[in-house]
Amino acid sequence: MEKILKKTQTRDFLFLIVGTILIALSVNWVYDPMGMVTGGVTGLAIALKYLTGLVLPSGGIPVWITNIIFNVPLFIAAFFILGKKFIGKTLFATISLTTFIAILPSVPLFAEDYLLAAVFGGVFSGAGMGLVLATMSTTGGTDLLSMLIHEKKKHLSVPTVLMVVDAAVVILGIFVFGINAALYAIIAVYISAKTSDSILEGLKFAKMAYIISDHHEEIAAEILNDMDRGLTGINVTGMYSNAEKKMLFCVVSKKEMVELIDIVNKKDSKAFVIVSDVREVVGEGFIEFKQ
């Protein structure tokens with residue numbers, strides 16, 4: 001158990017690092033240079049950088065500084081309201097994101113091509129957020145603010161509060177950068193959400209097989225021994241023949257499905273196999289339960 005827990009912690013650490021790098025790249029390479037406000041504290045920071053740049057000779061308050069200023073009080077409040085156990089990985093993700101925004105160069109990757117910026121910005125930020133969410137944490141900001149508001153106003157759900165807060169930031173972006181940039185920012189938000197969902201589903205995706213065969217014992221033995229996968233035997237009755245049969249139920253990874261089909265075919269070429277997609281599998285051999 002200790003070995004599994006250590007492996008999970010290492011995976012989470014890598015996911016957080018890679019995820020926050022991708023989000024930082026979307027900010028520094030796409031959203032900030034193009035004036036695209038996609039919500040969240042980073043979106044607010046982009047708008048404030050532009051506004052303060054009108055009066056400050058230095059070019060405005062950097063995005064990473066605004067990210068720190070807004071997140072520090074949120075984490076202090078979260079420590080007392082939600083507890084230190086909750087904010088552990090989220091604090092690490094927030095510090096990591098802020099650091100990468102500060103050290104990665106700001107490169108206007110797509111010049112004036114807002115469509116390309118919306119597509120690739122959405123892919124970068126969505127992939128990054130998907131990896132972060134896979135560790136059961138967030139990058140702080142409006143996510144954390146929404147949780148704090150929900151804790152005090154239980155009748156308001158976290159997604160509802162988050163939608164309102166992020167919508168307010170996007171509206172601010174309309175006034176600062178204009179409706180054109182805001183509309184492309186909305187496209188980026190949509191692509192980001194879809195990419196994030198795809199990352200999460202891909203990490204948990206598996207295949208499920210139902211196997212009906214007169215040689216179920218031989219098939220089960222080879223799957224157990226050669227593939228090291230567990231099975232469940234279910235007693236079933238054929239409605240046409242009225243004969244009692246044993247149906248095997250097994251969940252495997254996508255790459256293992258080819259091997260499973262090959263085993264079934266070797267033992268019984270007349271076996272009946274049903275294969276379907278599984279969106280999420282939690283348990284031994286797949287994604288472990290969080291301790």
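The values are calculated or read from the model by the stated rules, or taken from the named source; none is laboratory data. These numbers come from a predicted model, not from an experiment. Positions of Cβ are generated from backbone atoms using ideal geometry, with glycine treated the same way; all protein chains shown enter the neighbour counts. Surface accessibility is based on the protein's heavy atoms, side chains included, excluding ligands, DNA and RNA. Shrake-Rupley method; radii C 1.70, N 1.55, O 1.52, S 1.80 Å.
Can you find, among PHE100, GLY178, VAL119, the residue sitting farthest towards the positive end of the charge dipole of segment 55-195, where Lys and Arg contribute +1 and Asp and Glu -1 at Cβ? With unit charges placed on the Cβ atoms, the residue in question is PHE100.
With the convex hull of the Cα atoms taken as the outline of segment 24-163, the averaged projected area works out to 8.8 nm².
Farthest towards the positive end of the charge dipole of segment 1-155, among the residues TYR31, VAL63, LEU148, is the Cα of LEU148, using unit charges on the Cβ of Lys, Arg, Asp and Glu.
Oblate is the label for segment 111-174, because a/c, from the alpha-carbon gyration tensor with a ≥ b ≥ c as root eigenvalues, is 1.5 or above and a/b does not exceed b/c. Under a Gaussian network description of the chain, with springs only between Cα atoms under 10 Å, the residue in ALA188, ALA134, ALA221 that fluctuates furthest is ALA221. For the chain, a Gaussian network of Cα nodes joined below 10 Å ranks LEU22, LEU97, LEU54 by mean-square fluctuation, and the top entry is LEU54. For the chain, a simple Cβ point-charge model (Lys and Arg +1, Asp and Glu -1, everything else neutral) yields a dipole of about 780 debye relative to the Cα centre. Each residue of segment 188-199 is assigned a 3J(HN,Hα), and the resulting list reads 5, 4, 4, 5, 4, 5, 5, 5, 4, 4, 5, 4 Hz, derived from the Karplus form 6.51 cos²θ - 1.76 cosθ + 1.60 (θ = phi - 60°), x at Gly and Pro.
Among the trypsin sites (Lys or Arg not before Pro) in segment 111-192, those placed in a DSSP loop whose Cβ has at most 15 other Cβ atoms within 10 Å are LYS153, LYS154. Is segment 63-107 rounded, prolate or oblate when judged by the Cα gyration tensor, a ≥ b ≥ c being the square roots of its eigenvalues, rounded requiring a/c under 1.5 and prolate requiring a/b larger than b/c? The shape class here is oblate. If you roll a 1.4 Å probe over the chain with all protein chains in place, what percent of the accessible area is carbon or sulfur? Here it works out to 66 percent. Within the chain, the longest segment free of exposed loop sites, counting GluC sites (Glu not before Pro) that fall outside DSSP classes H, G, I, E and B and have at most 12 other Cβ atoms within 10 Å, spans 113-279. Take the convex hull of the alpha carbons in segment 143-250; its mean projected area over all directions comes to 13.3 nm². Computed over segment 10-101, the P(r) curve from all C-alpha pair distances, binned at 5 Å from the origin, holds 3, 14, 21, 22, 18, 12, 7, 3, 1, 0 percent per bin.
Comparing LEU91, LEU145, LEU156 in a Gaussian network model of the chain where C-alpha atoms under 10 Å apart are linked, the largest mean-square fluctuation is found at LEU156. Measuring nothing but how far apart in sequence close Cα pairs (under 8 Å, 6+ apart) lie, relative to its length, the chain scores a relative contact order of 21 percent.
Could you size up the charge dipole of segment 96-231 around its Cα centre, putting +1 on the beta carbon of Lys and Arg and -1 on that of Asp and Glu, and report it in debye to the nearest 20?
For this selection, approximately 840 debye.
Kirkwood-type hydrodynamic radius, the chain: 21.9 Å, calculated from all non-identical alpha-carbon pairs. Here are some pairs, LYS84/LYS153; LYS89/LYS194; LYS207/LYS255; which of them have Cα atoms lying more than 18 Å apart in this structure? Where the Cα-Cα span goes over 18 Å, the pairs concerned are LYS84/LYS153; LYS89/LYS194.
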